Amino acid sequence: MKRLGAWLVEVLLPPLAFFALVAGVWQGATSLWDVPAYLVPSPERVLAAAREHDADLLSAMQLTGSAALLGFALSMLVGTALGLLFSQSRIIQRSMYPYAIFLQTVPIVAIAPVLIMWFGNGFGGVVAVSFILSVFPIITNATAGLTAVDPTLLELFEIYNASRWQSLFKLRLPNAVPYLVTGAKIACGLSVIGAIVGELFAGFETGSAGLGTLLARANGRLDTSYVFAAVFCSTILSIAIFAAVSSIGATILARWHIGAPRSSTTKG
């Protein structure tokens, strides 16, 4: 119980106190200078909009969260598989890695319409955009972790005539775990961004709406309070997914790998 209280004071209290300070200054500024609500709504108006549309916002968070989690899961599978492939052949790595960089450098809004044409409107198209945006950090960190192995350990495995598969799964993969955890923390946030961007282009079936769809609708009506409420819900969703991924990653590191996580240079 004491540990829980200390954790709440050390971890939760500082950001909550800062948020309360920002909200107070925000509320005071909008009231003092009489800022029009269509430009910057007060926290009170945003809270009122959230209460008014709470059912729609909760449903949208579930839908967007489902698409983001599926896109993130696919990025973990595909990114790790490509990292394993790249670690086994420099020729393959040099041949294919530039295309992974290409996917990261091309603006997602430029290729999102193409993905929607390939995978269709609705959930499939949204997942595809989420996957494309979140897969690069996994590829980069997986490749770095699988190749950044102590040469003396590789020599030791060779001395004992370890097979390629034994070296891969007993040496390279455990070494890559901290890198993969770091890549997952980056990718999970990008997956939410990708899902929202995908919803702006693909939308969902009639009667269903994700956070991106709600944002587009509210913006079209110049309902800025609703826009802010949807943005805050998107932030809450991202934080929740990041917290879950961080907790799972910390558990994996504690049980499987001794040492602090390391990461390669990635582009977020």
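Structural remarks
- Here the spin labels are modelled as points 7 Å beyond Cα on the Cα-Cβ line, and at Val78 and Ala55 they lie 3.7 nm apart.
- When you restrict to C-alpha pairs under 8 Å that are six or more residues apart and normalise by the size of region 42-256, the relative contact order lands at 31 percent.
- Comparing Leu32, Leu154, Leu168 in a Gaussian network model of the chain (Cα springs below 10 Å), the most mobile by mean-square fluctuation is Leu32.
- Among Asp56, Asp150, Asp34, the ranking by other beta carbons within 10 Å of each residue's beta carbon, starting with the fewest, stands as Asp34, Asp150, Asp56.
- For the chain, adding -39500 (n - 2.57) for each run of n ≥ 4 DSSP H residues and dividing by the number of residues yields -26500 deg cm²/dmol at 222 nm.
- Mean sequence separation of contacting Cα pairs (under 8 Å, at least six apart), scaled by the length of region 24-129, corresponds to a relative contact order of 20 percent.
- Computed FRET value (nearest 0.05) for Val35 with Ser247, which takes r as the C-beta separation and R₀ as 41 Å: 0.55
- Percentage of interatomic Cα-Cα distances in region 42-256 larger than 29 Å: 36 percent
- Two-site label geometry, Thr235 and Val114: point separation in nm, points 7 Å out along Cα→Cβ: 3.4 nm
- Leu13/Asn161 FRET efficiency (R0 51 Å; Cβ-Cβ; nearest 0.05): 0.35
- Ranked by the mean number of other Cβ atoms within 10 Å of their residues, highest first, the peptides 237-246, 140-149 fall in the order 140-149, 237-246.
- Listed residue (Leu133, Leu237, Gly194) projecting farthest to the positive dipole end of the chain, Cβ model: Leu133
- Taking the Cα centre of the chain as origin and assigning +1 to Lys and Arg Cβ atoms and -1 to Asp and Glu Cβ atoms, the resulting dipole is close to 760 debye.
- Each semi-axis of the equivalent ellipsoid for region 34-166 is √(5λ) with λ an eigenvalue of the Cα gyration tensor; in descending order they amount to 44, 18, 15 Å.
- Contour minus Cα-Cα distance for Val106 and Arg90 (0.36 nm per residue): 3.3 nm
- Packing here is the average count of other Cβ atoms within 10 Å per residue, and on that basis the peptides 13-20, 71-78, highest first, run 71-78, 13-20.
Every number in this text was worked out from the coordinates using simple rules, so none of it is lab data. Just so we're clear, the structure is a prediction, and the values are computed from it rather than from any experiment. We place every Cβ from the backbone using ideal geometry, glycine too, and count neighbours over all the protein chains shown.
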